[in-house]
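The values are calculated or read from the model by the stated rules, or taken from the named source; none is laboratory data. Here the structure is a predicted model, which is why all the values come from computation and not from measurement. Counting neighbours? That spans all protein chains shown, and the Cβs are built from the backbone with ideal geometry, glycine included. The area values use the complete protein model at the heavy-atom level, side chains included, leaving out ligands, DNA and RNA. Shrake-Rupley method; radii C 1.70, N 1.55, O 1.52, S 1.80 Å.
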Amino acid sequence: MNSLEELYQELILEHNRYPRNFGVIENPTHKARGLNPLCGDEINLYLVVEDGTIKDIKFQGQGCAISKASASMMTEIVKGKTVEEALDLYKKFHDMVTADFTQEVDTDKLGPVAVFSGVRAFPARVKCASLAWHALEAALTGKEEYSE
Amino acid sequence: MGIEQLVFDVEKVRQEFPILNTKVRGNKRLVYFDNAATTQRPRRVIETVKEFYERYNSNVHRGAHWLSDLATKMYEDARKTVKEFLNARSEREIVFVRGTTEGINLIATSFSRGLLKEGDEIIVTEMEHHSNIVPWQLVAQQTGAKLKVIPINDRGELVLEKLKDLITERTKLISVVHVSNSLGTINPVKEIIELAHQAGIPVVVDGAQAVAHIPVDVQALDCDFYVFSGHKIYGPTGIGVVYGKEKWLDKMPPYQGGGDMIKEVTFEKTTYNELPYKFEAGTPNIAGAIGLAEALKWFKQFDINAVHEHENELVKYATELLKQIGGIRIIGEANNKTAVVSFIADGVHPHDIGTGLDMEGVAIRTGHHCTQPVMCHFGIMATARASFAIYNTKEEVEIFVSALKKVLKFFRQ
């Protein structure tokens with residue numbers, strides 16, 4: 001993978017420019033702060049979980065195009081899912097971005113977020129893509145802070 | 001400057017660095033602008049290390065055989081080369097360590113054992129690398145000493161007037177970076193040292209980013225300690241140097257205990273070896289020291305002022321071209337700077353710039369550069385940093401800038 005267009009696919013650029021679910025939820029049932037001290041990226045994640053289902057989710061923070069787009073797309077895909085389903089997606093996403101680049105990866109169920117499978121070729125950028133997902137896992141399992 | 005020619009030919013210098021011919025990211029020409037992280041090594045250094053392992057490898061100071069004598073002589077000759085490079089008074093003042101970080105940890109740890117008490121004060125600056133902050137925080141926690149900080153201004157220069165206010169009778173040591181790794185600022189260390197010495201305070205100078213770019217003479221500076229890493233001056237990784245005045249090294253207890261740093265060991269009492277061996281416990285990085293000496297000999301062929309001038313031209317040229325691009329802010333605009341251009345771009349995160357440039361074969365560094373207080377001062381999380389060395393050219397600066405324009409266009413579209 002040797003071009004920007006391959007890594008930063010149109011979908012990623014679009015979410016970077018117009019992040020979905022960007023903002024704060026005043027009274028979240030769950031929240032977490034994700035930090036990547038190496039590059040200074042930061043994400044604050046807020047969730048409303050009712051009857052085991054993610055009713056609402058929003059994020060705020062600053063980061064690179066990959067971390068912002070990943071956060072935006074993560075919030076879209078987990079909204080309306082049960083906590084169990086969301087944690088399963090977290091695991092699938094994590095497995096996808098940490099797999100060896102030469103391997104085929106299972107992007108089943110990941111839908112549009114499979115677009116991030118390309119970061120495997122850029123070890124220094126894997127954490128950018130997974131920061132929001134780690135924050136999600138932290139929030140849903142009762143840890144309020146996640147640091148790379 | 002018109003008629004004055006540089007005393008070195010950049011194209012010739014480039015030929016001595018095999019890695020500069022490496023192709024990256026699908027057959028692209030490598031433009032290596034990450035020299036503040038680590039420089040590349042000339043063939044001579046690589047060959048010297050290889051030759052040592054192939055022909056002379058042995059342990060030093062203790063073998064009863066021909067090879068060990070030879071390795072010992074090569075290792076001690078390397079110390080002599082370092083001594084001459086820094087213009088130290090004697091080899092006793094030259095301690096080999098793993099690098100600048102270990103060097104500062106050595107000084108901080110040993111100095112704190114006996115020479116620091118509760119309520120004492122250590123002064124550093126706001127532009128220090130974390131490796132000149134954290135070791136002092138650690139000893140401050142252990143001894144109850146306090147850390148005080150010389151602030152910087154918005155050009156990235158030290159506000160030296162504040163130093164007079166910071167020095168008190170409890171100030172026991174000042175540790176300051178010679179050249180900032182994230183801003184490129186050259187600090188007026190001689191002035192700081194003069195001021196400190198008027199109050200009898202020793203000064204540590206972190207020379208990691210200085211030795212390959214500006215002249216360094218420890219006697220002219222009159223610093224009490226000077227620390228640098230081999231790999232930032234065209235030598236191997238894992239080798240560095242602590243220069244220390246004998247009067248301080250004598251007063252300080254050893255950093256680590258072990259072999260080579262002792263004269264005699266019984267369970268009742270151990271007598272330490274003389275300088276500099278008191279501070280060199282365990283088998284040292286012998287090949288590293290020999291490789292470093294070769295790098296210093298190689299580097300000394302060139303007039304350091306010409307090297308500085310060449311790198312300054314690159315800094316000026318890059319800064320000028322960057323400023324022509326819209327929405328770029330240079331971080332670090334000291335009047336006296338060298339070899340580093342740090343910047344941020346509106347609407348595009350430094351990480352994305354780094355990845356984008358990498359796709360074009362241009363290697364830079366992005367992030368906080370282990371200087372988070374500097375980032376905090378400028379209200380940013382990270383910068384993109386291009387850093388230059390002796391083998392870089394104006395043509396490479398042009399490749400870098402045109403690649404950057406392409407990257408910014410891609411993200412700003």
If we keep only residues of the stretch B:207-246 that are among the acidic types (Asp, Glu) and open to solvent by 10 Å² or more (accessible area, probe 1.4 Å), then the residue nearest to residue B:280 (Cα to Cα) is B:246
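Just one of B:110, B:131, B:90 is open to solvent by less than 40 Å² (accessible area, probe 1.4 Å), under 30 Å from residue B:369 (Cα atoms), out of contact with any Phe, Trp or Tyr (no Cβ under 8 Å at 6 or more places or on another chain) and of a type in the set (Gly, Ala, Ser); which is it?
Among B:110, B:131, B:90, only B:131 is open to solvent by less than 40 Å² (accessible area, probe 1.4 Å), under 30 Å from residue B:369 (Cα atoms), out of contact with any Phe, Trp or Tyr (no Cβ under 8 Å at 6 or more places or on another chain) and of a type in the set (Gly, Ala, Ser).
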Looking at this structure, is residue B:126 farther than 15 Å from residue B:204 by Cβ, within 18 Å of the chain's Cα centre (by Cα) and in the same structural domain as residue B:244 (by TED's automatic domain parsing)?
-> yes
Could you please let me know if residue B:131 is hydroxyl-bearing (Ser, Thr, Tyr) and either not assigned by TED's automatic domain parsing to the domain that holds residue B:254 or not in a helix (DSSP H, G or I) (or both)?
-> no
Within the stretch B:329-356, residues being open to solvent by less than 10 Å² (accessible area, probe 1.4 Å) and on the phi > 0 side of the Ramachandran plot number 2
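To keep it simple, each residue is scored yes or no on (1) over 30 Å from residue B:111 (Cα atoms); (2) surrounded by fewer than 16 Cβ atoms within 10 Å (Cβ to Cβ); (3) modelled with pLDDT of 95 or more; (4) in contact with a Gly (Cβ under 6 Å, 6 or more places away or on another chain).
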position: B:257; (1), (2), (3), (4): no, yes, no, no
position: B:271; (1), (2), (3), (4): no, yes, no, no
position: B:286; (1), (2), (3), (4): no, no, yes, no
position: B:291; (1), (2), (3), (4): no, no, yes, yes
position: B:298; (1), (2), (3), (4): yes, no, yes, no
position: B:326; (1), (2), (3), (4): yes, yes, no, no
position: B:358; (1), (2), (3), (4): yes, no, yes, no
For the stretch B:1-91, which fully contained helices (runs of 4 or more DSSP H) count at least 1 residues that are within 21 Å of the chain's Cα centre (by Cα)?
-> B:43-51, B:66-86
Test: residue in the stretch B:209-220 that is within 22 Å of residue B:286 (Cβ to Cβ) and not acidic (Asp, Glu) = yes
Scan the stretch A:5-59 for residues that are open to solvent by less than 20 Å² (accessible area, probe 1.4 Å), assigned to a helix (DSSP H, G or I) and of a type outside the set (Val, Ile, Thr) and jot them down.
-> A:7, A:13, A:15
Does any residue of the stretch A:117-140 turn out to be within 14 Å of chain B (Cβ to nearest Cβ), closer than 27 Å to residue A:29 by Cα and open to solvent by 60 Å² or more (accessible area, probe 1.4 Å)?
-> yes
In the stretch B:219-245, anything under 17 Å from residue B:84 (Cβ atoms) and in a helix (DSSP H, G or I) is listed as B:219, B:220, B:221, B:230, B:233
Counting only residues that are touching a residue at least 60 places away in the same chain (Cβ under 8 Å) and part of a strand (DSSP E or B), the stretch B:185-208 contains a total of 4
